[in-house]
1. With a 10 Å radius around each residue's Cβ, average the other Cβ atoms per peptide and rank 356-364, 437-445, 376-384, highest first.
2. With a 1.4 Å probe and all protein chains left in place, how much accessible area per residue does the chain have, in Å²?
3. Setting aside same-chain residues fewer than 8 positions from Lys436, which aspartates and glutamates have a Cα under 12 Å from its Cα?
4. Helices from the chain with mean Kyte-Doolittle at least -1.0 and a Cα length along the axis of 15 Å or more, per DSSP H: which?
5. Over region 74-144, one equal point on each Cα, no solvent: what is log10 I(q)/I(0) by the Debye formula at q = 0.18, 0.20 Å⁻¹?
6. Using a 10 Å cut-off on Cβ atoms, rank the peptides 326-335, 68-77, 41-50 from the highest mean neighbour count down.
7. Quick one: length gained pulling Asp161 to Thr428 fully straight, 0.36 nm per residue minus the C-alpha distance?
8. Any lysines with Cα under 30 Å of the Lys130 Cα? List them, leaving off those in the same chain fewer than 8 positions away.
Amino acid sequence: MTTMKSKAVDRPESSTEPAKTEQELNPKTTRYEFLGPLGALGMTTVLPVLVLFFAVGCDSTGYPSKLLLHDHKAFFAKMMTPEYLGQLYDPMAFGVYVAFVALLAIFSLVLPGDVWPGSQLRDGTHLKYKMNGFASLHTTFFCGLYFIKDLGLKPLLFVHDHWVGLVVSSIIFSYLVSIFVYFKSFKKGALLALGGNTGNFIYDFMIGRELNPRIGEFDIKFFTELRPGMIGWAVINLSFAAKQYLDLHYITKSMVLVQVFQMWYIVDSLWNEEAVLTTMDITTDGFGFMLAFGLYTWVPFTYSLQARYLADFPTDISYYTAAGIVALNLIGYTIFRSANSQKNAFRINPVGPSVKHLKFIETKSGSRLITSGWWGMSRHINYLGDWLMALSWCLPCCFGSPIPYFYAFYFGILLLHRERRDDHKCRTKYGEDWDKYCSIVKYRIIPGVY
Ligand code: NDP
């Protein structure tokens, strides 16, 4: 984790470039990703159902629930009963969910933070962003402590007891935000994402049309990127730890590992919040259902599956097993953080003391591609580190159910797909220089294997 923050740079928010026509500024998108409109339809329908399945199909009888496993007809019949359907309609859960997001939005507006410029946009401008995600996290925790001090841990059981209602609320909220930003993107002067202007409603709705939807100074995409997802995930995890503690009067080693590993990841990303400004999500992708659902629903409600499982099934492990899992996590973290930092340090100053020994090739575009050190082992060694960490989050749940391993499975597919997307981007950008780089650094992710 970085411990020193660089100072924010001040760059003009307004453009000095000549005005472009609407067609020059927002060209039509001619290439589909994610299997085009059909894939978009699948993502906007199947993914919410999958999250709902984890919510209603997993309970204290099993992951999946015993009834679903042994008599799925009876399970679906039970789901149609008014008592079960009642769980889906939970106005209190909706109120709590919306209040939580609103509180985070208020924190983002009022808490102090360094102001950083974003990458240059196609119209020549740089947007400004206030970095107070970490302040929002600890302010949320202190607000929580204020209540816990008087009321004890019991209020945290709300998350466990209203789980289905909270999941449904977040899905409804994701759709509402996506519909709002979709229609807002037709406002005159909106800068669209290069990949989100096909003219096909379902595809543009899913992939995101407008690049940086804002309400005044409030940047909806930047706010959504780390706060409701990451901070929501942290609150949910802690609520499940509280549930286990209230049931057992202690916390298992498995739960401790899951809490510490995931909290470390959350704190790390919020502490280094400015790093998000150069990611594909901020610089390239529009804000649509994919990001809204991903960050309001997917991250908090599926990344917390391990903590939820351990609250329902308080598995424990030996100290030796715990030590092995900690070692795996540290190996993953070292690869992930060292590789990412090495590239960042090299890109900022290639003759800096920590990177001046690295070999590289000079590309025609002017950028240099590292061919030794971490980036000489494989073209995305950072993905390997990230995935090893993902695996170490699942292993504390042992092997009573495959569901807690969903994260490692899904994340593996995401990284394989992302590597192909990035490869395509770099091949388009660097041409034959990329071929040369690939002939030197032969493996995509796992050195010697893939
Ligand atoms: P990377 O950090 O892997 O960066 C890829 C870019 O780096 C390329 O597009 C290229 O950009 C540049 N590059 C590639 N090879 C070299 C090289 N040899 N030398 C110098 N520069 C190079 O991108 P991501 O945004 O995919 O990943 C960032 C981190 O975020 C990763 O650790 C990943 O695991 C993590 N992540 C986590 C997710 C989660 O849900 N937890 C989701 C996605 C990512 P350029 O055009 O500048 O040359």
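1. The densest-packed peptide leads the list: 376-384, 437-445, 356-364.
2. The answer is 49 Å² per residue.
3. Glu362
4. Flagged H segments are 36-57, 91-110, 133-151, 163-184, 232-248, 253-271, 319-348, 381-394, 406-430.
5. -0.80, -0.88
6. Details: 326-335: 16.8, 68-77: 12.9, 41-50: 15.0.
Ranked from most to least packed, the peptides come out as 326-335, 41-50, 68-77.
7. So the chain would gain 91.1 nm between Asp161 and Thr428.
8. List returned: Lys5, Lys7, Lys20, Lys184, Lys187, Lys188, Lys221, Lys343, Lys425.
The values are calculated or read from the model by the stated rules, or taken from the named source; none is laboratory data. Only a predicted model underlies this, so the values are computations on that prediction, with no experimental measurement involved. Cβ sites come from the backbone with ideal geometry, for glycine too, and all protein chains shown count toward neighbours. Protein only, heavy atoms only, side chains kept; ligands, DNA and RNA dropped before computing areas. Shrake-Rupley method; radii C 1.70, N 1.55, O 1.52, S 1.80 Å.
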